[in-house]
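Below is one structure, written out as structure tokens; comments come after it.
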Amino acid sequence: MAFATKLANREARLEECPELLKPEYKEAYQKLWEMLRPPVREVSFGSGEKAVKIGGKYVMYRHELTYHNPTVIAIDVEDTMDMGEIEARVKRLDELAYIYIGRTLKLDAIAVRCVSGDAERFASTVEAVAKLTDLPLVLCCLDPEVMENALVKVYERRPLLYAATKDNWREMAELATGYKCPLAVFAPGDIALLKSLVKTLRAYGVEDLALDPGTFPGDGFSDTLNSFVMIRRAACKKGDDLLGYPLIGVPAVAWLEEGLPPEVKAWREACMATMLITRFADMLIMHSLEGWVALPLLIWRENIYTDPRKPVAVEPGLRTFGTPDEMAPVFVTTNYALTYFTVENDLKSAKVDCYLLVVDTEGLSVQSAVAGRKLTADLVADALKESGVEEKVKHRYLIIPGLAARLSGEIEELTGWRVLVGPKDSSAIPKFLAEKWPPKEEEEE
């Protein structure tokens with residue numbers, strides 16, 4: 001029953017039940033899969049631990065349930081670049097990382113683009129990139145012969161082949177089935193053609209597909225967003241199986257606009273990428289590696305793909321900062337991740353030697369937890385007792401957040417500790433300690 005409940009809530013997968021994988025349950029497994037399969041199919045590419053999944057969406061809007069498989073962001077490499085530039089670009093991509101509320105945000109894949117049209121050059125570039133990184137690869141080439149020349153060198157990495165069109169679909173389908181790789185379908189500005197190609201490719205035996213309805217810069221971008229919305233609505237709301245595949249956007253087209261400085265092109269690319277993540281893109285191919293372009297996208301993606309049913313929380317308990325002694329201050333905060341990591345960062349930046357008592361508020365911030373009775377004097381008293389901090393300090397002073405000031409009297413009555421009401425913003429902790437710590441004698445009396 002517990003597993004069935006998780007299945008119904010899309011918190012578990014059928015293959016996690018070993019019994020269902022037995023041959024005698026094949027029919028039952030298939031029936032359950034048909035009932036539970038997402039309207040947008042899940043497609044994976046890459047190999048090993050770095051393999052990524054795109055699609056797998058159950059709902060059109062995240063508030064209806066949640067989104068699965070965050071948008072994969074791939075950075076392009078052109079085969080016309082010299083090897084030094086390619087190496088620097090790949091290294092920069094691998095090293096780009098940002099810690100956000102306890103999670104490491106990174107870019108996900110590399111798209112190798114055939115710009116030269118030269119089969120040998122494209123193949124050597126793909127091979128070089130594959131040796132430089134274990135990130136998933138996207139091979140971007142519309143010429144099947146040139147594509148195969150590069151694919152034979154990296155097929156075991158299971159790259160995404162980009163892309164099948166109305167002119168090359170048969171040859172691309174043979175490559176996808178022969179080398180067992182997923183295939184992107186490209187039909188810019190023509191959803192009817194996109195559906196027709198999907199139907200044909202499926203009949204040809206290609207199952208793992210991703211859809212690119214075209215990304216148009218400038219005035220054409222509104223049509224791009226409309227196409228993405230119509231395709232996702234057709235899949236999620238109307239049950240159109242031919243459009244129920246991951247969507248690919250290519251904000252890198254912003255760099256094709258002429259007469260603009262690089263900074264403006266990068267800015268436009270970032271804007272397009274942000275809107276595409278918001279409007280159902282499961283994968284993006286980008287060009288800019290600037291931090292001011294990538295960082296907002298990574299944070300925006302992280303927020304959109306956070307489960308709205310479950311606030312992001314950290315483990316409650318006692319944390320130690322620096323080398324606190326018997327007279328070190330004891331702070332209180334909630335286990336809402338954004339609150340906790342903000343407080344943690346401010347304490348570390350100020351080099352404060354202290355203890356931090358993290359109370360379980362079910363992932364709510366201080367103000368929300370106080371208002372919703374998820375942060376109460378009773379909870380603070382219990383957390384204080386369980387933490388063992390009473391044995392670590394000689395004083396009996398507790399510093400609570402300014403937004404929880406109204407709990408101070410109750411906490412004092414239940415714990416026997418004196419309560420100091422701290423600042424509303426943790427950035428003011430150094431100033432607060434300079435003025436209030438150690439407590440004045442008159443306060444002790």
Of all the residues that make up region 402-415, how many are open to solvent by 20 Å² or more (accessible area, probe 1.4 Å), touching a helix residue (DSSP H, G or I) at 6+ places or on another chain (Cβ under 6 Å) and within 19 Å of residue 368 (Cα to Cα)? 2
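Looking at 339, 334, 376, 306 in this structure, which one is open to solvent by less than 20 Å² (accessible area, probe 1.4 Å) and within 26 Å of the chain's Cα centre (by Cα)?
Working: 339 fails: open to solvent by less than 20 Å² (accessible area, probe 1.4 Å); 376 fails: within 26 Å of the chain's Cα centre (by Cα); 306 fails: open to solvent by less than 20 Å² (accessible area, probe 1.4 Å).
Going through 339, 334, 376, 306 in turn, just one is open to solvent by less than 20 Å² (accessible area, probe 1.4 Å) and within 26 Å of the chain's Cα centre (by Cα): 334.
Can you tell me how many residues within region 31-51 are within 30 Å of the chain's Cα centre (by Cα) and either polar (S, T, N, Q) or open to solvent by 90 Å² or more (accessible area, probe 1.4 Å) (or both)? Break it down into steps so the answer makes sense when it comes.
Within region 31-51, the first condition is being within 30 Å of the chain's Cα centre (by Cα), and the residues that meet it are 32-51.
Of the ones still in play, those that are also either polar (S, T, N, Q) or open to solvent by 90 Å² or more (accessible area, probe 1.4 Å) (or both) are 33-35, 44, 47, 49.
Summing the residues that are within 30 Å of the chain's Cα centre (by Cα) and either polar (S, T, N, Q) or open to solvent by 90 Å² or more (accessible area, probe 1.4 Å) (or both) in region 31-51 gives 6.
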Report the residue count in region 313-325 for those that are β-branched (Val, Ile, Thr), surrounded by fewer than 19 Cβ atoms within 10 Å (Cβ to Cβ) and in a loop (DSSP other than H, G, I, E, B). 1
State yes or no: is residue 57 assigned to a helix (DSSP H, G or I) and either at pLDDT 85 or above or surrounded by fewer than 16 Cβ atoms within 10 Å (Cβ to Cβ) (or both)? no
Looking for whichever is assigned to a loop (DSSP other than H, G, I, E, B), over 28 Å from residue 186 (Cβ atoms) and either open to solvent by 20 Å² or more (accessible area, probe 1.4 Å) or touching a Phe, Trp or Tyr at 6+ places or on another chain (Cβ under 8 Å) (or both) here; the options are 328, 281. Which one fits? 328
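Quick check on this structure: which one of 318, 284, 276 is within 29 Å of residue 66 (Cα to Cα), touching a Ser or Thr at 6+ places or on another chain (Cβ under 7 Å), modelled with pLDDT of 95 or more and not small (Gly, Ala, Ser)?
Details: 318 fails: within 29 Å of residue 66 (Cα to Cα); 276 fails: touching a Ser or Thr at 6+ places or on another chain (Cβ under 7 Å).
Testing whether each residue is within 29 Å of residue 66 (Cα to Cα), touching a Ser or Thr at 6+ places or on another chain (Cβ under 7 Å), modelled with pLDDT of 95 or more and not small (Gly, Ala, Ser) leaves just 284.
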Scan region 407-445 for residues that are under 37 Å from the mean Cα position of the chain (by Cα) and farther than 16 Å from residue 356 by Cβ and jot them down. 407, 421, 424, 431
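The values are calculated or read from the model by the stated rules, or taken from the named source; none is laboratory data. From a predicted model like this one, the values you see are computed outputs, not experimental measurements. Please note: Cβ atoms are built from the backbone with ideal geometry, for glycine as well, and neighbour counts cover all protein chains shown. Please note that ligands, DNA and RNA were not included when accessible areas were found on the heavy atoms of the full protein model with its side chains. Shrake-Rupley method; radii C 1.70, N 1.55, O 1.52, S 1.80 Å.
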